[in-house]
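Report on one structure; see the data block that follows.
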Ligand SMILES: [Zn+2]
(Lines give C-alpha, C1' and ligand atoms only; values in the text may rest on other atoms or scores of the structure.)
Protein backbone atom coordinates (compact mmCIF):
# COMPACT_ATOMS: atom_id res chain seq x y z
CA UNK A 1 0.00 0.00 0.00
CA UNK A 2 1.18 3.47 -0.90
CA UNK A 3 2.31 5.65 2.03
CA UNK A 4 -0.31 8.30 1.39
CA UNK A 5 -3.15 5.77 1.36
CA UNK A 6 -1.81 4.14 4.50
CA UNK A 7 -2.12 7.48 6.23
CA UNK A 8 -5.57 8.19 4.79
CA UNK A 9 -7.16 4.79 5.35
CA UNK A 10 -7.88 5.07 9.10
CA UNK A 11 -9.21 8.59 8.59
CA UNK A 12 -11.52 7.40 5.83
CA UNK A 13 -12.49 4.35 7.88
CA UNK A 14 -13.39 6.05 11.15
CA UNK A 15 -14.67 9.19 9.46
CA UNK A 16 -16.79 6.93 7.28
CA UNK A 17 -18.17 5.01 10.25
CA UNK A 18 -18.75 7.84 12.69
CA UNK A 19 -18.90 11.20 10.93
CA UNK A 20 -20.29 10.44 7.47
CA UNK A 21 -23.53 8.85 8.88
CA UNK A 22 -24.29 12.14 10.63
CA UNK A 23 -23.73 14.05 7.37
CA UNK A 24 -25.93 11.61 5.46
CA UNK A 25 -28.64 11.88 8.11
CA UNK A 26 -28.43 15.67 7.88
CA UNK A 27 -28.74 15.53 4.08
CA UNK A 28 -31.65 13.07 4.07
CA UNK A 29 -33.63 13.94 7.16
CA UNK A 30 -32.71 17.58 7.82
CA UNK A 31 -34.15 18.67 11.18
CA UNK A 32 -34.49 15.07 12.38
CA UNK A 33 -30.79 14.37 11.75
CA UNK A 34 -29.90 13.81 15.40
CA UNK A 35 -32.00 10.73 16.06
CA UNK A 36 -31.50 9.31 12.55
CA UNK A 37 -27.77 9.99 12.78
CA UNK A 38 -27.55 8.35 16.21
CA UNK A 39 -29.27 5.19 14.93
CA UNK A 40 -27.08 5.16 11.80
CA UNK A 41 -23.95 5.30 13.98
CA UNK A 42 -25.45 2.56 16.20
CA UNK A 43 -25.70 0.38 13.07
CA UNK A 44 -21.90 0.04 13.33
CA UNK A 45 -22.74 -2.62 15.92
CA UNK A 46 -22.99 -5.09 13.04
CA UNK A 47 -19.23 -5.27 13.60
CA UNK A 48 -20.06 -7.46 16.62
CA UNK A 49 -20.16 -10.32 14.12
CA UNK A 50 -16.35 -10.11 14.17
CA UNK A 51 -16.53 -11.77 17.59
CA UNK A 52 -17.57 -14.97 15.80
CA UNK A 53 -14.42 -14.92 13.68
CA UNK A 54 -10.95 -16.13 14.53
CA UNK A 55 -8.92 -13.97 14.74
CA UNK A 56 -11.48 -11.32 15.74
CA UNK A 57 -9.61 -8.65 13.86
CA UNK A 58 -7.27 -9.12 10.94
CA UNK A 59 -6.20 -5.93 9.16
CA UNK A 60 -5.43 -7.90 5.99
CA UNK A 61 -8.88 -9.48 5.80
CA UNK A 62 -11.82 -8.00 3.91
CA UNK A 63 -14.88 -7.95 6.22
CA UNK A 64 -17.36 -7.74 3.36
CA UNK A 65 -18.37 -11.22 2.30
CA UNK A 66 -16.53 -12.79 5.25
CA UNK A 67 -18.56 -12.01 8.35
CA UNK A 68 -22.20 -13.01 8.85
CA UNK A 69 -23.59 -9.45 8.98
CA UNK A 70 -21.24 -8.28 6.20
CA UNK A 71 -22.42 -10.65 3.44
CA UNK A 72 -24.49 -9.81 0.35
CA UNK A 73 -27.57 -11.43 1.94
CA UNK A 74 -27.20 -9.04 4.87
CA UNK A 75 -26.70 -6.17 2.42
CA UNK A 76 -29.99 -7.00 0.70
CA UNK A 77 -31.71 -7.17 4.08
CA UNK A 78 -30.38 -3.69 4.95
CA UNK A 79 -31.69 -2.33 1.65
CA UNK A 80 -35.09 -3.94 2.34
CA UNK A 81 -35.12 -2.34 5.80
CA UNK A 82 -35.03 1.07 4.13
CA UNK A 83 -38.50 0.30 2.72
CA UNK A 84 -40.02 -0.39 6.15
CA UNK A 85 -42.27 2.48 7.29
CA UNK A 86 -40.62 2.80 10.70
CA UNK A 87 -38.11 5.62 11.04
CA UNK A 88 -35.63 3.68 13.15
CA UNK A 89 -35.73 0.56 10.95
CA UNK A 90 -34.97 2.78 7.97
CA UNK A 91 -32.15 4.53 9.75
CA UNK A 92 -30.72 1.20 10.91
CA UNK A 93 -30.90 -0.25 7.38
CA UNK A 94 -29.30 2.87 5.89
CA UNK A 95 -26.59 2.88 8.56
CA UNK A 96 -25.76 -0.82 8.15
CA UNK A 97 -25.69 -0.54 4.36
CA UNK A 98 -23.44 2.50 4.60
CA UNK A 99 -21.21 0.55 6.99
CA UNK A 100 -20.76 -2.16 4.34
CA UNK A 101 -19.91 0.53 1.78
CA UNK A 102 -17.19 1.97 4.03
CA UNK A 103 -15.79 -1.49 4.82
CA UNK A 104 -15.78 -2.29 1.12
CA UNK A 105 -13.80 0.89 0.51
CA UNK A 106 -11.17 -0.51 2.89
CA UNK A 107 -11.05 -3.73 0.89
CA UNK A 108 -10.50 -1.77 -2.30
CA UNK A 109 -7.71 0.24 -0.66
CA UNK A 110 -6.08 -3.00 0.53
CA UNK A 111 -5.76 -4.20 -3.04
CA UNK A 112 -3.97 -1.02 -4.15
CA UNK A 113 -0.26 -1.46 -4.86
ZN1 LIG B 1 -17.56 -3.70 9.50
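The values are calculated or read from the model by the stated rules, or taken from the named source; none is laboratory data. Fair warning: this is a prediction, and the values are worked out from it, not measured in the lab. In this analysis, Cβ positions are derived from the backbone assuming ideal geometry, glycine residues included, and neighbour counts consider all displayed protein chains.
In the stretch 24-74, how many residues are within 14 Å of the ligand (Cβ to nearest atom), in a loop (DSSP other than H, G, I, E, B) and over 17 Å from residue 93 (Cβ atoms)?
Adding up the residues that qualify gives 11.
Which pairs have Cβ atoms under 9 Å, sit 6 or more apart or on different chains, and link a residue in the stretch 56-68 that is without any contact (Cβ under 8 Å) to a residue 12 or more places away in the chain and within 11 Å of residue 100 (Cα to Cα) to one that is in a loop (DSSP other than H, G, I, E, B) and away from the ligand (no atom under 11 Å from the Cβ)?
The qualifying pairs are 65/71.
Considering only residues that are under 20 Å from residue 16 (Cβ atoms), free of Cβ contacts under 8 Å to residues at least 40 places away in the same chain and part of a loop (DSSP other than H, G, I, E, B), which ones fall in the stretch 81-113?
Matches in the stretch 81-113: 82, 111.
Taking the stretch 75-107, which residues are modelled with pLDDT under 95 and either buried (at least 21 other Cβ atoms within 10 Å of the Cβ) or near the ligand (Cβ under 10 Å from one of its atoms) (or both)?
Correct list: 106 only.
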